[in-house]
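Asker: Below: one structure in structure tokens.
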Amino acid sequence: MKNKILYGFVIISFVSLWCLAYSYFIEPNRLVVTSETLKIKNWNPAFDGLKIVMLGDLHGGSHGVTEEKIRAIVLKINEQDPDVVVMLGDYVSEWSDGSLKMPVETIAANLAGINATYGVFAVLGNHDGDYDDDRVAAALSGNGYKVLQNEVAPIEKNGQRIRIFGMKDHLKLAGGWLRISADSKKYLSTTGSGDMIVLQHSPDILPVIAGEYSVSPDLRLILAAHTHGGQVWFPILGRMVVPSGFGQKYAYGHVLDKGVDMFVTSGIGSSVLPFRFMVPPEIVSLTIRSE
């Protein structure tokens, strides 16, 4: 019996050490392309087949996110031949003293060269705001990318239009409710100007839009990041830590909730702990079809 217990302990220890080593040395250095097709109700047929590539939570300088890795991401994005590229915030990563692990100008320089038919659109995340929103936005804008801070950018094709609304990462707990700014509410309530895609760093925006404020009839899709997919996923147990007020509900992938479609990417970098397990760094290639 003692030998069996010892043998079991050795096996468990070996598997645990292997998982730990894999999650530190191997998975953070991977890069995968997650290809998905979404059928969206009432999507404008003129834009049927629109390909959107998502990049989230780059966290330049975090474990596994070197300058070489960022340049490889750009090449991988361009290989998808995207119509639209969206970048969903948290480009920077900080040390405990608040200094950046990689200068934002270096991050932007290595992100240069992304090509998309209708353009590259970016929003900012909580780490960008903790550092300096304006400086991050200026660095990205220098590449010709459109940084949307509560702004709408139209895309037109054969006389038809869709709108990309980039929201500031300004969710906050106030009086027990997550709230959005007055100008965000104004854009969301404007109708008749084309289907709307909302870019927001945090997926927690979905119930805010669909709940406290009535959802715009033009809203078709929300694209978000922030959760890192939990960074660590175990069978049965699921995702260990998800930075969302809704737990695993909005942790990753396609979500249809309250009549709203949303896709959440697990992103590239890491935060807090330098590990990824069964949640590899990804870019997402979404093909949107009319339902």
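The values are calculated or read from the model by the stated rules, or taken from the named source; none is laboratory data. The structure presented is a predicted model; accordingly, all values stated were derived computationally and were not measured. Here the Cβ is made from the backbone with ideal geometry for all residues, glycine too, and neighbour counts use every protein chain on show. In case anyone asks, the SASA skips ligands and DNA or RNA and just uses the protein heavy atoms, side chains included. Shrake-Rupley method; radii C 1.70, N 1.55, O 1.52, S 1.80 Å.
Asker: How much net charge surrounds GLN80 when only the other residues with a Cβ under 13 Å from the Cβ of GLN80 are counted, with Lys and Arg +1 and Asp and Glu -1?
Answerer: On the way: positive: LYS51, LYS76; negative: GLU36, GLU79, ASP81, ASP83, GLU282.
Around GLN80, the surrounding residues sum to -3.
Asker: Turning to a different aspect of this structure: Taking only protein heavy atoms and a 1.4 Å probe, what accessible area per residue, in Å², does segment 210-291 have with all protein chains in place? Kindly include the intermediate steps, with their values, before the conclusion.
Answerer: Numbers: 3310 Å² over 82 residues.
About 40 Å² of surface per residue is accessible.
Asker: Summarise the long-distance tail of P(r) for segment 252-291 by giving the % of C-alpha pairs beyond 13 Å. Spell out each step's value before the answer.
Answerer: Working: 502 of 780 pairs.
In whole percent, the long-distance tail amounts to 64.
Asker: Give me the percent of the accessible area of segment 69-141 that comes from carbon and sulfur atoms, probe 1.4 Å, all protein chains in place. Kindly include the intermediate steps, with their values, before the conclusion.
Answerer: Details: 1370 of 2940 Å².
Summing carbon and sulfur atoms, their accessible area is 46 percent of the total for segment 69-141.
Asker: Expressed as a rounded percentage, what relative contact order does the chain have, with Cα pairs under 8 Å and six or more residues apart? Provide the component values of the computation, followed by the final result.
Answerer: Working: 647 pairs, mean separation 80.2, N = 291.
Taking the mean separation of contacting Cα pairs over the length of the chain, I get 28 percent.
Asker: Give me the aspartates and glutamates in straight-line cross-link reach of LYS249: C-alpha distance below 16 Å, same-chain residues under 8 apart excluded.
Answerer: Reachable aspartates and glutamates: ASP204, ASP257, ASP261.
Asker: Residue separation times 0.36 nm, minus the C-alpha to C-alpha distance between SER96 and VAL241: what's the value? All intermediate terms of the calculation are to be shown ahead of the outcome.
Answerer: Working: separation 145, 0.36 × 145 = 52.20 nm, distance 2.00 nm.
Full extension of this stretch gives 50.2 nm more.
Asker: On to the next question. What ³J(HN,Hα) values, in whole Hz, does the Karplus curve 6.51 cos²θ - 1.76 cosθ + 1.60 give for segment 50-64 when θ = phi - 60°, with x put for Gly and Pro?
Answerer: These are the phi-based 3J(HN,Hα) values: 4, 9, 10, 9, 9, 10, x, 6, 4, 6, x, x, 6, 4, x Hz.
Asker: Follow-up. Provide the per-residue ³J(HN,Hα) series for segment 79-85, in order, calculated from phi with Karplus coefficients 6.51, -1.76, 1.60 and θ = phi - 60°, each as a whole number of Hz, with x at glycine and proline positions.
Answerer: 5, 7, 6, x, 7, 9, 10
Asker: Run the numbers for LYS41 and LEU256: contour at 0.36 nm per residue of separation, minus the present Cα-Cα distance, in nm. Let's see the in-between values first.
Answerer: Values: separation 215, 0.36 × 215 = 77.40 nm, distance 1.12 nm.
Working it through step by step, the gained length comes to 76.3 nm.
Asker: Running a GNM on the chain with Cα contacts under 10 Å, which residue among TYR118, TYR250, TYR145 ends up with the highest mean-square fluctuation?
Answerer: Its mean-square fluctuation being the largest, the pick is TYR118.
Asker: In the full protein assembly as shown, how much of ASP261 is accessible to a 1.4 Å probe, in Å² to the nearest 10?
Answerer: So the heavy atoms of ASP261 present about 20 Å² to solvent.
Asker: Would you mind calculating the gained length between ASN143 and VAL33 on full extension (0.36 nm times residue separation, minus the Cα-Cα distance), in nm to one decimal?
Answerer: Here the answer is 37.3 nm.
Asker: Ok, one more. Once the whole set of protein chains is in place, how much accessible area is left on GLU67, using a 1.4 Å probe, in Å² to the nearest 10?
Answerer: 80 Å²
Asker: From the phi of every residue in segment 103-119, what ³J(HN,Hα) in whole Hz does the Karplus formula 6.51 cos²θ - 1.76 cosθ + 1.60 yield, where θ is phi - 60° and glycine or proline is x?
Answerer: x, 4, 5, 5, 4, 5, 4, 7, 8, 5, x, 6, 10, 8, 3, 9, x
Asker: Roughly how large, in nm² to one decimal, is the mean projection of the convex hull of the alpha-carbon atoms in the chain?
Answerer: Values: hull surface 69.6 nm².
Computed as one quarter of the Cα hull surface, the answer is 17.4 nm².
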